[in-house]
Amino acid sequence: MARRLDLVQGKQPRFTPIVERALSLAVLEHDGLATRHAKRLVAGALWVSLLAPWPAVFEMVTAEAPLAALATGATAAPSAIVLVAFWLRPSSYPSAFHIVLGANFALTAVITLLFGGFLQSGGNFVWALPLLVGALAVFADWRAVAWLIVAVVTLVGSSVAGQFVEPRYEYPNPEFGAVLNFLIVLLFAFFVLFYYVRQRAQLLDLSDGLLENILPHVIAERLKLSDETIADEYEATSILFADVAGFTPMSAEMTPSELVGLLDDVFSDFDAMVDSRGLEKIKTIGDAYMVASGIPVPRADHAEALCDLALEMRDHARSRAYGGRQIEFRIGINSGPVVAGIIGTRKFSYDLWGDSVNIASRMESFGRPGRIQITEATLKLVEEDFVCQPGGSLDVKGKGPMPVWFLEGRR
């Protein structure tokens with residue numbers, strides 16, 4: 001259970017409670033993992049932007065440019081307003097971010113005009129870069145493109161206008177200021193992008209992990225590379241069904257949490273056995289468990305591998321108690337051709353079809369508690385290596401009487 005919860009929740013860096021709260025101002029309970037990461041990234045950038053302008057403010061004060069210093073310091077105000085908005089009303093995300101973008105572009109244009117141009121103002125407009133990165137993270141749609149257009153128009157307009165308007169101040173060392181601004185913005189943008197790309201990689205890993213928990217690895221890779229219908233024929237496979245004997249009366253005596261916990265414990269043990277043998281769990285249906293061998297990667301020992309699994313499942317169930325209860329399983333196995341593929345577009349699943357599957361299901365549903373019932377098709381593949389006892393015949397719908405055997409163990 002813990003492994004599945006880790007996959008769903010993902011791994012997030014843990015900070016002190018105060019920092020966690022500061023980063024999560026806009027996070028809502030129903031937000032998905034990707035949205036949570038984006039909101040934390042934006043909140044973190046806004047907190048940093050409260051401090052970022054002050055070295056430039058000090059520089060402009062020393063350059064005796066009080067209006068420019070005031071305009072630069074004022075760029076922290078929109079960030080503070082938006083952080084307060086996130087705190088009071090988290091649903092204001094992302095619309096409140098328009099305040100940050102509009103105010104910062106306007107104030108940056110004012111500073112450019114006060115010094116008479118882009119270079120003359122120490123390249124102050126390079127601060128538009130992290131703002132546009134923020135717009136991409138927050139909106140990720142046409143609104144980010146609209147703000148890019150606004151930034152370009154504002155930059156060009158203020159730079160051109162600066163050539164015709166008498167500058168109010170003279171930057172003492174514009175080249176040094178441009179280099180300094182560029183370096184600060186470069187570092188800021190790099191770490192924001194680093195965090196964003198890192199989180200994106202983690203989310204992709206999480207998505208791949210969830211997909212491969214649902215589908216076989218080979219099928220998951222095919223699905224990621226193409227949207228073609230996945231349907232394959234396999235001539236040599238074996239299918240196993242197992243279910244809890246006496247499950248209905250037992251479940252009537254249990255609370256819902258006890259019932260789900262018991263099945264989770266049992267099937268988690270079975271999952272580990274399946275994985276260790278390189279077999280493929282297909283699905284669970286109530287208290288029934290379905291496994292296939294020889295798909296999606298064919299293997300010559302498909303029947304032997306599945307019989308080994310069945311014996312391990314039977315012996316494991318006999319050797320321990322689940323929830324203080326001793327459980328017995330009916331297990332049925334059949335071998336033969338199947339069709340395998342993915343069905344559905346929402347909550348899709350990888351499934352098997354064909355007579356071989358139906359007969360394997362009959363072997364389980366008409367089996368005996370604590371026994372492994374196999375068909376003649378499976379017997380022919382494993383009789384040299386396994387001890388099998390005749391079990392009479394079974395009337396299978398559409399097939400008539402079929403001889404069956406009980407799998408006892410390896411020779």
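The values are calculated or read from the model by the stated rules, or taken from the named source; none is laboratory data. Quick caveat, the model's predicted, so the values are computed rather than measured. Neighbour counts run over all protein chains shown; Cβ positions are idealised from the backbone, glycine included. Note: accessible area is taken over every heavy atom of the protein model, side chains too, but ligands, DNA and RNA are not part of it. Shrake-Rupley method; radii C 1.70, N 1.55, O 1.52, S 1.80 Å.
Once backbone amide H atoms are built at 1.01 Å from N, Y322 has I327 as its partners under 5 Å, excluding neighbours fewer than 5 places away on the same chain.
Candidate cross-link partners of K39 among the lysines, defined by an alpha-carbon separation under 20 Å and a same-chain spacing of 8 or more, comprise K11. Distances between placed amide hydrogens fall under 5 Å for I372 paired with L407, all partners being 5 or more residues away or on another chain.
Of the whole protein surface, E312 contributes about 70 Å² of accessible area at a 1.4 Å probe radius. The phi torsions of the stretch 381-388, fed into the Karplus equation with coefficients 6.51, -1.76 and 1.60 and a -60° offset, translate into couplings of 8, 10, 5, 6, 10, 10, 8, 10 Hz, rounded to whole numbers, with Gly and Pro shown as x.
Taking all protein chains into account, the per residue accessible area for the chain stands at 52 Å² (1.4 Å probe).
Applied to the stretch 167-183, the Karplus parametrisation 6.51 cos²θ - 1.76 cosθ + 1.60 on θ = phi - 60° returns per-residue 3J(HN,Hα) values of x, 7, 10, 10, 5, x, 9, x, 5, 5, x, 5, 5, 5, 4, 5, 5 Hz, with x for Gly and Pro. Just the protein heavy atoms count here, and of the accessible area of the chain at 1.4 Å, carbon and sulfur take up 62 percent.
Straight-line cross-link partners of K399 among the lysines, defined as a Cα under 22 Å from its Cα and at least 8 positions apart when in the same chain: K380. Stretched out straight at 0.36 nm per residue, the stretch from S349 to E166 would grow longer than its current Cα-Cα span by 58.9 nm. In whole Å, what is the distance between the alpha-carbon centres of the stretch 285-363 and the stretch 368-402? Their Cα centres are 15 Å away from one another. Derived scalar couplings between HN and Hα for the stretch 350-362 equal 9, 9, 10, 9, x, 4, 4, 5, 4, 5, 4, 5, 5 Hz in order, rounded to whole Hz, by the Karplus curve 6.51 cos²θ - 1.76 cosθ + 1.60 (θ = phi - 60°), x for Gly and Pro. Other residues with beta-carbon under 11 Å from the beta-carbon of R411 carry, at +1 per Lys or Arg and -1 per Asp or Glu, a net charge of -3.
Can you give the local net charge around L223? Use residues other than it whose beta-carbon is closer than 12 angstrom to its beta-carbon, Lys and Arg +1, Asp and Glu -1. The answer is -3.
Projecting the Cα atoms of G341, Q326, G398 onto the charge dipole of the stretch 300-411, computed from C-beta unit charges around the Cα centre, puts Q326 farthest toward the positive end. Given the whole protein assembly as supplied and a 1.4 Å probe, what does the accessible area of I343 come to in Å², nearest 10? Accessible area, nearest 10 Å²: 80 Å². The alpha-carbon of K397 sits under 18 angstrom from the alpha-carbons of these aspartates and glutamates, leaving out residues fewer than 8 places away in its chain: D355, E364, E376.
Charged neighbours of R368, selected by a Cβ distance under 15 Å, balance to +1 (K, R count +1; D, E count -1). Principal axis analysis of the Cα atoms in the stretch 257-411 yields extents of 41, 41, 30 Å, listed in decreasing size. Between the residues A161, A71, L210, the greatest Cα displacement towards the positive end of the dipole of the chain, with unit charges on the Cβ of Lys, Arg, Asp and Glu, is found for A71.
Who wins for biggest fluctuation among T154, T35, T255 in a Gaussian network model of the chain, springs between alpha carbons below 10 Å? Of the options given, T255 has the highest mean-square fluctuation. Amide H to amide H distances under 5 Å link G116 with R168, where only residues 5 or more positions off or on other chains count and H is placed in the peptide plane.
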